[in-house]
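Peer 1: Dumping the structure here so I can ask a few things about it.
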Amino acid sequence: MINSSPKSPRQPSGVQSAAAQDNEQVCGEKDTSLNRRGFLSRVSLATMTAALGAEIVFGDKMPSGLVPVALAQTAAPLTIPGKEGLTLFTDRPLVAETPAHLLDDEITPAKHLFIRNNGLPPSLEQTEPIKWTLEISGESCEKPITLTLQELKEKFEHHTLQIVLECAGNGRSEFNPPATGTQWTTGGVGCPTWTGVRLRDVLKHAGIKPDAVYVGYYGADFHLSGDPARQPISRGAPIQKALEDESMIAFAMNGEDIPFQNGHPLRLIFGGWAGSTCGKWLKRIVIRDREHDGEKMTGHSYRMPRYPVAPGTKVPEEDMDVIAAMPVKSLITFPKSGITHPVGEILNVRGHAWTGEGDIREVHVSMDFGITWHKTELRPAANRYAWQHWSTTLNLPKKGYYEIWARALDSQGRSQPMVLPGWNPEGYLNNTCHRIAIQAV
Ligand SMILES: Nc1nc2c(c(=O)[nH]1)N[C@H]1C(S)=C(S)[C@@H](COP(=O)(O)O)O[C@H]1N2
Ligand SMILES: [Mo]
């Protein structure tokens with residue numbers, strides 16, 4: 001059946017989408033088509049081999065039901081000012097992720113940092129640094145203050161740290177039953193350097209009352225409805241997190257102004273916590289005497305069930321807790337998934353690994369569907385909450401299709417699951433192993 005395919009995809013660059021399309025066109029029967037989750041039902045190794053145009057070398061070790069990543073990939077590039085190569089999900093609000101191979105730099109360049117807007121950004125004019133002010137207030141603030149950007153920069157010590165920014169929904173597209181919301185694959189993450197002042201110094205300047213438990217943020221962006229009374233998002237973090245050395249109000253990224261879509265001229269950065277805590281276009285910080293109750297702090301937003309639930313379960317709101325630190329995770333950023341590689345030539349493989357608390361102890365890679373694992377060389381982090389770089393070399397024993405998988409282990413003994421971690425209603429915190437496709441020729 002597959003052999004009747006008019007164009008068996010052998011050309012390296014077209015492997016992914018061509019293979020996936022062929023599969024849908026050729027396999028008329030329902031039970032062999034790629035469903036939206038990217039899983040194939042009842043497809044033989046021979047069928048997959050034909051679709052890939054290469055033997056799956058460790059095919060006998062491949063878990064049944066697993067679809068080769070080469071068949072599941074799609075690419076939809078887009079132009080956003082200042083950005084390059086991002087994949088667009090929606091333009092209103094603007095949400096775009098970064099393909100894994102474009103995250104290869106040790107420090108993520110501005111052009112490759114993902115964008116996650118919940119509403120509409122302020123106008124360019126509104127974000128002029130000269131006019132920008134930041135208010136610190138709230139019921140647990142002793143003396144509410146308003147600082148100009150200039151005052152903020154002059155009054156407080158500057159710090160530069162490399163810190164991972166990752167959306168809690170990164171990886172959501174793999175959950176089944178699917179969760180609504182952006183169908184992130186692996187690209188809702190990046191790790192640039194941030195320069196700014198410590199949030200702690202600014203909060204102390206305004207005075208923290210003893211009953212303070214949380215800080216919340218308000219940005220200058222607009223709710224999608226256009227209603228000025230509504231916030232697109234207003235989240236934050238517990239006061240203990242806010243007082244950490246690495247929690248900062250950043251005014252620069254990689255030594256330059258923060259890119260407009262990433263929150264220029266001012267944003268919050270919390271190390272190891274969900275990206276949603278890191279308020280962009282930061283106008284106001286409130287010191288609260290209770291858990292902040294702004295937009296997307298309540299209901300099911302950024303919350304996980306307190307106990308494991310079966311996929312599809314309706315979890316009552318009172319059984320959901322706000323997400324705290326992010327899980328351990330890794331990415332393969334080289335080579336690019338889908339490339340061909342000559343047999344007999346050493347294959348360099350590398351990427352990053354990070355965890356919400358502590359550091360990464362080991363990263364292993366497998367090329368035989370997780371049967372054997374090779375320990376990689378791992379470098380220390382530039383500072384706490386920066387990702388760590390790992391690299392290794394592999395020898396692909398013969399021609400054919402391979403998958404390379406990566407798995408990190410952190411200092412708390414936590415590792416990445418090979419299959420999807422706990423299903424949850426909103427599809428957060430998927431830290432399953434990253435997989436890439438390679439064809440040895
Ligand atoms: N003001 C404001 N801050 C925000 C958001 C937003 O929509 N508005 N999105 C949040 C979410 S959900 C994430 S994941 C990060 C994304 O940061 P980035 O767009 O710079 O990548 O910003 C957070 N801060
Ligand atoms: Mo997010």
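The values are calculated or read from the model by the stated rules, or taken from the named source; none is laboratory data. Note that the structure is predicted; figures quoted are calculated from it, not measured. Positions of Cβ are backbone-derived with ideal geometry, glycine not excepted, and every protein chain shown enters the neighbour counts. The accessibility values were calculated without ligands, DNA or RNA, using every heavy atom of the protein model including side chains. Shrake-Rupley method; radii C 1.70, N 1.55, O 1.52, S 1.80 Å.
Peer 1: Going by what's in this entry, would Arg303 be described as free of Cβ contacts under 8 Å to residues at least 60 places away in the same chain, open to solvent by less than 60 Å² (accessible area, probe 1.4 Å) and within 14 Å of ligand 1 (Cβ to nearest atom)?
Peer 2: Spelling it out, it is not the case that Arg303 is free of Cβ contacts under 8 Å to residues at least 60 places away in the same chain, open to solvent by less than 60 Å² (accessible area, probe 1.4 Å) and within 14 Å of ligand 1 (Cβ to nearest atom).
Peer 1: Pairs under 9 Å by beta carbon, first residue more than 17 Å from Ala274 (Cβ to Cβ) in segment 116-127, partner away from ligand 2 (no atom under 16 Å from the Cβ) and among the β-branched types (Val, Ile, Thr), six or more apart or different chains?
Peer 2: Pro121/Thr127
Peer 1: I'm checking my understanding of the structure. Among residues of segment 97-143 that are of a type in the set (Ser, Thr, Tyr) and open to solvent by less than 40 Å² (accessible area, probe 1.4 Å), which one is nearest to the chain's Cα centre (by Cα)?
Peer 2: Filtering first and then ranking leaves Thr98.
Peer 1: So which of Thr146, Thr133, Thr185 ends up being assigned by TED's automatic domain parsing to the domain that holds Ile208 and within 16 Å of ligand 2 (Cβ to nearest atom)?
Peer 2: Among Thr146, Thr133, Thr185, only Thr185 is assigned by TED's automatic domain parsing to the domain that holds Ile208 and within 16 Å of ligand 2 (Cβ to nearest atom).
Peer 1: Ok, one more. Out of the strands (runs of 3 or more DSSP E) lying entirely within segment 382-441, which hold 3 or more residues that are under 26 Å from Gly181 (Cα atoms) and not aromatic (Phe, Trp, Tyr)?
Peer 2: 434-440
Peer 1: Looking for whichever is surrounded by fewer than 20 Cβ atoms within 10 Å (Cβ to Cβ) and within 21 Å of the chain's Cα centre (by Cα) here; the options are Gln240, Gln183. Which one fits?
Peer 2: Values: Gln240 fails: within 21 Å of the chain's Cα centre (by Cα).
One residue alone meets the criteria, Gln183.
For every residue, the table says whether it meets (1) hydroxyl-bearing (Ser, Thr, Tyr); (2) in a strand (DSSP E or B).
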| residue | (1), (2) |
| --- | --- |
| Ile285 | no, yes |
| His292 | no, no |
| Met297 | no, no |
| Tyr307 | yes, no |
| Ala310 | no, no |
| Thr313 | yes, no |
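Peer 1: Out of curiosity, is Glu106 away from ligand 1 (no atom under 16 Å from the Cβ), under 30 Å from Leu429 (Cα atoms), part of a loop (DSSP other than H, G, I, E, B) and at pLDDT 95 or above?
Peer 2: yes
Peer 1: Ser173 fails exactly one of the following numbered conditions: (1) crowded, with 19+ Cβ neighbours inside 10 Å; (2) of a type outside the set (A, V, I, L, M, F, W, C); (3) more than 13 Å from ligand 1 (Cβ to nearest atom); (4) assigned to a loop (DSSP other than H, G, I, E, B). What is the number of that condition?
Peer 2: Failing condition for Ser173: (4).
Peer 1: When residues of segment 365-381 are filtered for being in a strand (DSSP E or B) and open to solvent by 40 Å² or more (accessible area, probe 1.4 Å), how many remain? Let's see the steps before the verdict.
Peer 2: First, pick out the residues of segment 365-381 that are in a strand (DSSP E or B): 365-366, 374-375, 377-378.
Filter again for open to solvent by 40 Å² or more (accessible area, probe 1.4 Å), leaving 374-375, 377-378.
So the count comes out to 4.
Peer 1: How many residues does segment 328-364 hold that are open to solvent by 30 Å² or more (accessible area, probe 1.4 Å) and in a loop (DSSP other than H, G, I, E, B)?
Peer 2: Residues that pass the stated criteria total 9.
Peer 1: I need the full set of residues from segment 247-297 which are open to solvent by 40 Å² or more (accessible area, probe 1.4 Å) and either within 16 Å of ligand 2 (Cβ to nearest atom) or of a type outside the set (S, T, N, Q) (or both), in order please.
Peer 2: Gly255, Glu256, Asp257, Phe260, Lys283, Arg284, Asp289, Arg290, Glu291, Asp293, Glu295, Lys296
Peer 1: Scan segment 154-170 for residues that are touching a Ser or Thr at 6+ places or on another chain (Cβ under 9 Å), part of a strand (DSSP E or B) and not polar (S, T, N, Q) and jot them down.
Peer 2: Listed by number, the residues that qualify are His158, His159, Leu161, Leu165.
Peer 1: Return the only residue of Glu151, Glu135, Glu139, Glu125 being part of a strand (DSSP E or B), more than 14 Å from ligand 1 (Cβ to nearest atom) and either modelled with pLDDT of 95 or more or within 19 Å of Phe222 (Cα to Cα) (or both).
Peer 2: Result of the check over Glu151, Glu135, Glu139, Glu125: Glu135.
Peer 1: Now for a different question. Filter segment 188-218 down to residues that are hydrophobic (A, V, I, L, M, F, W, C), in a strand (DSSP E or B) and closer than 28 Å to Leu120 by Cβ and give me whichever is farthest from ligand 2 (Cβ to nearest atom).
Peer 2: Val197
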